[in-house]
1. For the chain, with all protein chains present and a 1.4 Å probe, just round the carbon and sulfur fraction of the accessible area to a whole percent.
2. Given the Cα-Cα distance of residue 74 and residue 164 and 0.36 nm per residue of separation, how much length would full extension add, in nm?
3. What length, rounded to one decimal in nm, is gained on full extension from residue 107 through to residue 10, with 0.36 nm per residue of separation minus their alpha-carbon distance?
4. Once fully extended, how much extra length lies between residue 54 and residue 176, figured as 0.36 nm per residue of separation less the alpha-carbon to alpha-carbon distance?
5. Kirkwood Rh over Cα pairs of the stretch 137-204 into Stokes-Einstein at 4 °C, 1.567 mPa s: D in µm²/s?
6. Relative to the Cα centre, what is the charge dipole magnitude of the stretch 20-174, using +1 at the beta carbon of each Lys and Arg, -1 at the beta carbon of each Asp and Glu, and rounding to the nearest 20 debye?
7. Quick one: Kirkwood hydrodynamic radius for the stretch 55-141, alpha-carbon pairs, angstrom, one decimal?
8. May I ask for the equivalent-ellipsoid semi-axes of the chain, computed as the square root of five times each C-alpha gyration tensor eigenvalue and listed largest first in whole Å?
Amino acid sequence: MFLVEPLLENYVTLPAAIQAGAKRIALADNLAVGGTTVSKGTMGEAVRYAHEHQVSLDLVIAPRGGVTPYNDVEIKIMEADILEAQQLGVDGIILGALTQAYQLDEEALRPLVAAAGGMTLTFSTLFDTIRPQDRDAAIDWLGVQGFERLLSVGATNDRIADWTATQRLASSAGITLVPTNVATDQQDQVAQDLHVSFFLKQQA
């Protein structure tokens with residue numbers, strides 16, 4: 001058995017996803033550009049509705065679409081959004097930050113991790129753009145910082161091989177690999193091949 005966490009765009013589709021049986025939901029805005037943070041009002045209503053129905057809510061934290069690195073002002077915006085989410089009772093956050101060299105932006109991530117105290121930390125699919133030779137150190141750092149999950153779309157030429165390598169590294173750091181955007185008819189096979197229990201899938 002496995003759990004598919006839908007990634008929804010704003011509040012409008014959340015009630016229907018819960019009625020369809022979702023037990024954990026990820027929420028963002030502007031998915032066409034990779035997902036940005038929803039408004040404070042949306043955060044509050046979404047977490048209220050989700051918790052009323054015993055559903056966990058994760059929020060994508062990103063000040064804009066496009067590639068990182070984020071500048072100092074954007075990091076402050078992300079930190080403020082995380083603190084707001086924490087106060088509203090959000091269960092977890094999904095975020096990522098890389099340098100221009102496609103390595104973890106540890107300086108940017110540290111204050112965001114501190115602001116998220118008590119919430120589940122998930123590193124975004126930005127991980128897929130980190131060079132393979134840098135991924136071991138990146139995952140070790142994420143594990144030390146308390147990240148529990150890692151999203152990955154996988155390499156287009158061989159997703160299973162890429163996920164297998166990532167999962168080996170992630171497991172050693174106590175991090176759970178969450179394959180992302182796996183077609184419904186492929187989920188059983190991927191779950192069997194990787195022995196994973198979670199998927200995340202963007203909803204159309």
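The values are calculated or read from the model by the stated rules, or taken from the named source; none is laboratory data. Only a predicted model underlies this, so the values are computations on that prediction, with no experimental measurement involved. No Cβ is skipped: glycine too gets one built from the backbone with ideal geometry, and neighbour counts run over all protein chains shown. Just so you know, the surface numbers come from the protein's heavy atoms only, side chains and all, with ligands and any DNA or RNA stripped out. Shrake-Rupley method; radii C 1.70, N 1.55, O 1.52, S 1.80 Å.
1. For the chain, the apolar C and S fraction of the accessible surface comes to 51 percent.
2. Computed gain between residue 74 and residue 164 is 29.1 nm.
3. 32.0 nm
4. Numbers: separation 122, 0.36 × 122 = 43.92 nm, distance 2.24 nm.
Gain on stretching residue 54 to residue 176: 41.7 nm.
5. The calculation lands on 106 µm²/s.
6. The calculation lands at about 320 debye.
7. Radius from the Kirkwood sum: 13.3 Å.
8. Values: eigenvalues 114, 98, 42 Å².
Ellipsoid half-lengths, sorted descending, are 24, 22, 14 Å.
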